[in-house]
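> Okay, handing you the structure first.
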Amino acid sequence: MNDRTDDLLSDWLDDAEENPESKSDVPASEASEAVAQSLLIHGLLADIGRRDDVAESERIQAVMQRIDAEVSAESGDVALKHVPHRRRRFAILTSALTIAAAVMLMFVAFGPHQSVSAAMASLDKVVEAAAKRLDRTYKVRVVDEYPRDKRPQKLSQQAWDREAPEEIDGATIHVRGADQYVMTVMLKTGMTRTSGCDGKVSWSFREDGQVHVSEDLNRFRGAVPGSQQDMPLLNIHANLSQLKIGYDIELADDQETGTDGTLLSRLTCIRKSNEVRGPKQVEVWFDAEDGTVHKMLLDGLPRGRGGPKSVMLELVDQPDLPSDFFTHDAHHEPGKRIRYEDGRR
């Protein structure tokens, strides 16, 4: 807005009776148009600077009522050039305010809805990508540990003192679709434990022990981060309803570039209440094009078993693994003893 327009606006508001043509060489029509534009810009900037949905709604109703009153007061369909100068000025003012009100009403009504819709559409894309039978390899990194001097009141001292037998930090997770995975972790004894699921049975074994097999596909997910609260990366597809219903989901406006140059978007999922099972917060960085998860932060994990407070799963490879990779036979030597937990031989 230039100085000339500011002067017109000031004169126009301060002197309701005088004609701008008497003090300026600017035609009345141009002056009125400049004033209307100035009012519109001022109004929009002021409203954007102090967002208050209730106040905005009340102001919009007041403006519309004022416009209705003015229309009712007019007798007949009189041409604008025959309307008194003050009436013409008010018509311009109400037109500008009506436009501003309409813009703000659209922003208030559709802005939040569009934001939620975009977040849910992105979540659908992530879940759809996770269900595809493509191979992905993730590394687990511990982000934060619970302070050892701050035991929760609801957790017994015995449970608080219990240490997890595995070292989650540095674990490797291979996934294919929503129901096949292999996870290898280092035990504190120095040995490894490998567990997995091939979509038909789940299994687990230590390198010096027998293979445990179960038809319960979730039987050996206990060591997977977030599994105690039903929110591991391995079954994010199955937990779609939980994310949609139990979490407030927001899609970040900005994007970042991954280590491989992929453009990543970010979803932030905040648990709505303590009644909802799951980490307090889940953040997902995913390929903006195909929905592949590149990073996933699980924050506010359960404090039992000596586990960490938050962990990050990071995509390190998208290999083409053998078709039988997710069976236990592919990960141990032949002849290893197998124990079926449902009594089979």
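The values are calculated or read from the model by the stated rules, or taken from the named source; none is laboratory data. Quick caveat: nothing in here was measured; it's all calculated off a predicted structure. Note that each Cβ is placed from the backbone with ideal geometry, even for glycine, and that neighbours are counted across all protein chains shown. These accessible areas exclude ligands, DNA and RNA; they are computed on the full protein's heavy atoms, side chains included. Shrake-Rupley method; radii C 1.70, N 1.55, O 1.52, S 1.80 Å.
> Can you pull the accessible area of Asp248 for me, 1.4 Å probe, Å² to the nearest 10?
Using a 1.4 Å probe on the heavy atoms, I get roughly 90 Å².
> While we're looking at this one, here's another question. Can you run phi through the Karplus equation (6.51, -1.76, 1.60; θ = phi - 60°) for the stretch 246-260 and list ³J(HN,Hα) in whole Hz, with x for Gly and Pro?
3J(HN,Hα) across the stretch 246-260, in whole Hz: x, 10, 8, 10, 9, 9, 5, 6, 8, 10, 10, 9, x, 4, 9.
> Please list, ordered by chain and number, the residues whose modelled amide H lies under 5 Å from the amide H of Leu134; skip anything fewer than 5 residues away on the same chain.
Residues meeting the criterion, in which the H sits 1.01 Å from N, are Gly177.
> Step through the table entries Lys200/Lys336; Lys188/Lys272; Lys132/Lys244; Lys125/Lys272, compare each Cα-Cα distance with 30 Å, and write down the pairs that go over it.
Table pairs above 30 Å Cα-Cα are Lys188/Lys272.
> What does the charge add up to near Ser115, with Lys and Arg as +1, Asp and Glu as -1, over the other residues with Cβ less than 12 Å from its Cβ?
After counting each charged neighbour, the total is -3.
> Right, another one. Where Lys and Arg each count +1 and Asp and Glu each count -1, what net charge lies around Gly170 among other residues with Cβ under 10 Å from its Cβ?
Net of charged neighbours comes to 0.
> Largest first, what is the accessible-area ranking of Tyr247, Tyr340 with a 1.4 Å probe?
Tyr340, Tyr247
> Pull out a ≥ b ≥ c, the square roots of the eigenvalues of the alpha-carbon gyration tensor of the stretch 278-340, then state rounded if a/c is under 1.5, prolate if not and a/b is larger than b/c, and oblate in the remaining case.
oblate
> Residue by residue through the stretch 122-128, which ³J(HN,Hα) values in whole Hz follow from phi under the Karplus form 6.51 cos²θ - 1.76 cosθ + 1.60 (θ = phi - 60°), with glycine and proline marked x?
Rounded to whole hertz, the list is 5, 4, 4, 5, 5, 5, 4.
> Please report the spacing between the Cα centers of the stretch 256-319 and the stretch 190-219 in Å, no decimals.
Computed from Cα coordinates, the inter-centre distance equals 25 Å.
> Oh, and also: Let me cross-check Ser117: its accessible surface, 1.4 Å probe, with only protein heavy atoms counted, in Å² to the nearest 10?
About 60 Å², rounded to the nearest 10.
> Arg148 accessible area, nearest 10 Å², 1.4 Å probe?
It works out to around 130 Å².
> A further question on this structure: Considering only the other residues whose Cβ falls under 10 Å of the Cβ of Gly258, what net charge follows from Lys and Arg at +1 and Asp and Glu at -1?
Residues near Gly258 contribute -3 overall.
> Evaluate the distance, in nm, between pseudo-label points positioned 7 Å from the Cα of Arg277 and of Asp342 along their respective Cα→Cβ axes.
2.1 nm
> What is the set of long-range amide H partners of Val316 at a cut-off below 5 Å, with H atoms built 1.01 Å from backbone N?
Those qualifying (amide H under 5 Å, at least 5 residues apart or on another chain) are Thr137, Tyr138, Lys139.
> So if R0 is 56 Å, what FRET efficiency would Leu187 and Asp248 give, r being the distance between their Cβ atoms, rounded to the nearest 0.05?
Efficiency at R0 = 56 Å is approximately 0.90.
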